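In what follows, a single structure is set out as structure tokens and then discussed.
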Amino acid sequence: MLSFNRIRAQPRGNRSMSLGGGGMEYADPKKKNNFCGKILMVSTLTALCILMLRHSPTLNTPTQFSSHEPGVTHVLVTGGAGFIGSHAALRLLKDFYRVTIVDNLSRGNLGAIRVLQQLFPEPGRLQFIYADLGDAKSVRKIFSENAFDAVMHFAAVAYVGESTLDPLKYYHNITSNTLVVLEAMAAHRVKTLIYSSTCATYGEPDKMPITEETPQVPINPYGKAKKMAEDIILDFHKNSDMAVMILRYFNVIGSDPEGRLGEAPRPELREHGRISGACFDAARGIIPGLKVRGTDYKTSDGTCIRDYIDVTDLVDAHVKALEKAKPGHFRPFSGSSVNEFVAACKKATGVPIKVNFLPRRPGDYAEVYSDPSKIRNELNWTAMHTNLEESLQVAWRWQKAHQNGYGLMSA
Ligand SMILES: NC(=O)c1ccc[n+]([C@@H]2O[C@H](COP(=O)([O-])OP(=O)(O)OC[C@H]3O[C@@H](n4cnc5c(N)ncnc54)[C@H](O)[C@@H]3O)[C@@H](O)[C@H]2O)c1
């Protein structure tokens, strides 16, 4: 406010100028210097004021997102422009949650955000903040300007193969960014965290199926980075009243049954990509065939056995976890299981996809699937949509209708 007063001093300078115009013919250099100095000071102070206003959270116009509202739960969805995050945001909005999406669009799609904005245009329902969770200053600003009740933390780089080639990127993006989010949550007393983890944190367990009691011994940087993030959350949780739910799952397939959202990874990630994307790329002829990496594993047909979950079931589990989260609770959960992916993919797309058998991929394990009893019993959750062929059929419909993904693939 002081600065504002000083800016108002400017008209006085104008007044003395007009007086001078009446009685003096020559320019007094001392006065001129004085006048220039004043102009300089006023400009500097104006610039300072603008800067202070821009950076002061309290002086920003309050919105429905900036204060808590009784009966409304405001959820921060990190990575909400991505495959799972966008589906989770859609479900939360349908269930009348208030949603803020934070995403740096490094892997997500602005097109997904646009779909959500068109579906929920009412004020106070959805806002999108373009920001990088690696930028702690931005994250602190977001938390100080918004009143979150809970966080669903999806944002991550999430490709096993890429993690073996660029491990530091994974430790930074997954582990240290989770620390940044957790610190901001603690500072602003946000009491509920639903963390999106992975069964890659289990590595290659001796005993199948995986349960929440299976020792976590990850064998690739992706799994290790997620395990470290889990450990940080767990350690923090021991001395706080934050409610934490960690969901660990395998390959997520399918898409919104109503065809509004889908999975649209960046073309440059195809090489590291997930089998769901590769299956559709092969069916569309974008890639010559499906690469099956490793045929000498100790499994019935020599190829890896994996676990799949439909994205609709997965977001249902996240919302149930959010509803159930109580202060002080910590719960880890795993997903459910299916295999024979390639055959189902051929059936779902109706395309006789060519399959190329290649050597093993570094960091891969033979057989992993999980037992979902704990999540079924504690959250009353069952996978209703996870049928490999049907899930792939739904996703294939979206893929066929969106040959170019969301069309807008970058920031
Ligand atoms: N898709 C799967 O099969 C699968 C399986 C197990 C676990 N997960 C986990 O689920 C979560 C979401 O995965 P997905 O398949 O939707 O991936 P995705 O790549 O589609 O989405 C991730 C989103 O996070 C954003 N993001 C990445 N780094 C960011 C950063 N520093 N700041 C802000 N935003 C950032 C990306 O732009 C993207 O929109 C991840 O945490 C992943 O580890 C996924």
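What about A155, is it more than 10 Å from the ligand (Cβ to nearest atom), of a type outside the set (D, E, K, R) and crowded, with 21+ Cβ neighbours inside 10 Å?
In short, no.
So which of E204, E213 is in a loop (DSSP other than H, G, I, E, B), assigned by TED's automatic domain parsing to the domain that holds H188, free of Cβ contacts under 8 Å to residues at least 12 places away in the same chain and surrounded by fewer than 22 Cβ atoms within 10 Å (Cβ to Cβ)?
Result of the check over E204, E213: E213.
Kindly provide the set of residues from the stretch 134-147 that are more than 10 Å from the ligand (Cβ to nearest atom) and either in contact with a Ser or Thr (Cβ under 7 Å, 6 or more places away or on another chain) or of a type in the set (S, T, N, Q) (or both), ordered by number.
Result: S144, E145, N146, A147.
Restrict the check to the stretch 77-93 and report whether at least one residue is out of contact with any His (no Cβ under 9 Å at 6 or more places or on another chain), at pLDDT 95 or above and away from the ligand (no atom under 16 Å from the Cβ).
yes
Spot the failing condition for E271; the list is (1) surrounded by fewer than 23 Cβ atoms within 10 Å (Cβ to Cβ); (2) within 17 Å of the chain's Cα centre (by Cα), and only one is missed.
For E271, the exception is condition (2).
Being at pLDDT 80 or above and under 30 Å from D206 (Cβ atoms) is true for just one of K291, K320, K298. Which residue is that?
Of the residues listed, the single one that is at pLDDT 80 or above and under 30 Å from D206 (Cβ atoms) is K298.
Determine the pairs where a residue that is more than 23 Å from F236 (Cβ to Cβ) and among the polar types (S, T, N, Q), located within the stretch 164-181, has a partner that is within 12 Å of the ligand (Cβ to nearest atom) and in a helix (DSSP H, G or I) with Cβ atoms under 6 Å apart, the partner being 6 or more residues away or on another chain.
Cβ pairs passing all conditions: none.
Quick one: which residue in S86, S106 is surrounded by fewer than 21 Cβ atoms within 10 Å (Cβ to Cβ), among the polar types (S, T, N, Q) and in contact (Cβ under 8 Å) with a residue 12 or more places away in the chain?
S106
Criterion first (within 12 Å of the ligand (Cβ to nearest atom) and more than 21 Å from H87 (Cβ to Cβ)) does G223 satisfy it?
Answer is yes for this residue.
Looking for something in the same structural domain as E271 (by TED's automatic domain parsing) and either more than 15 Å from I101 (Cα to Cα) or assigned to a helix (DSSP H, G or I) (or both) - is there at least one such residue anywhere in the stretch 147-154?
Within the stretch 147-154 (the criterion being in the same structural domain as E271 (by TED's automatic domain parsing) and either more than 15 Å from I101 (Cα to Cα) or assigned to a helix (DSSP H, G or I) (or both)), the answer is no, since none of the residues qualifies.
Return yes or no: is H188 in contact with a strand residue (DSSP E or B) (Cβ under 6 Å, 6 or more places away or on another chain) and away from the ligand (no atom under 14 Å from the Cβ)?
For H188, the condition - in contact with a strand residue (DSSP E or B) (Cβ under 6 Å, 6 or more places away or on another chain) and away from the ligand (no atom under 14 Å from the Cβ) - is not met.
So H188 ticks every box in (1) over 18 Å from K326 (Cα atoms); (2) surrounded by fewer than 24 Cβ atoms within 10 Å (Cβ to Cβ); (3) not hydrophobic (A, V, I, L, M, F, W, C) but one. Which box is left unticked?
Here H188 meets the rest and fails (1).
Only residues that are assigned to a helix (DSSP H, G or I) and touching a Gly at 6+ places or on another chain (Cβ under 7 Å): list them for the stretch 216-237, please.
Selection gives G223 alone.
Within the stretch 238-320, considering only strands (runs of 3 or more DSSP E) that don't extend past its boundaries, which have at least 2 residues that are within 21 Å of G111 (Cβ to Cβ)?
Once the strands (runs of 3 or more DSSP E) in the stretch 238-320 are filtered for at least 2 residues that are within 21 Å of G111 (Cβ to Cβ), what remains is 251-253.
For the stretch 167-185, name all the residues that are over 23 Å from V252 (Cα atoms) and either within 14 Å of the ligand (Cβ to nearest atom) or touching a Gly at 6+ places or on another chain (Cβ under 6 Å) (or both).
If the condition is that a residue be over 23 Å from V252 (Cα atoms) and either within 14 Å of the ligand (Cβ to nearest atom) or touching a Gly at 6+ places or on another chain (Cβ under 6 Å) (or both), then L168, H172, S176, L179, V180, V181, A184 are the ones that fit.
Taking into account only those residues within the stretch 94-133 that are more than 9 Å from the ligand (Cβ to nearest atom) and of a type in the set (D, E), which is nearest to L182 (Cα to Cα)?
D95
Among the numbered criteria (1) closer than 26 Å to T382 by Cα; (2) surrounded by 23 or more Cβ atoms within 10 Å (Cβ to Cβ); (3) small (G, A, S), which single criterion is violated by A225?
In the conditions (1) closer than 26 Å to T382 by Cα; (2) surrounded by 23 or more Cβ atoms within 10 Å (Cβ to Cβ); (3) small (G, A, S), A225 misses (1) alone.
The values are calculated or read from the model by the stated rules, or taken from the named source; none is laboratory data. This one's a predicted model, so the numbers in the text were calculated from it and none came from an experiment. Heads up, the Cβs are rebuilt from the backbone with ideal geometry, glycines too, and the neighbour counts pull from every protein chain shown.
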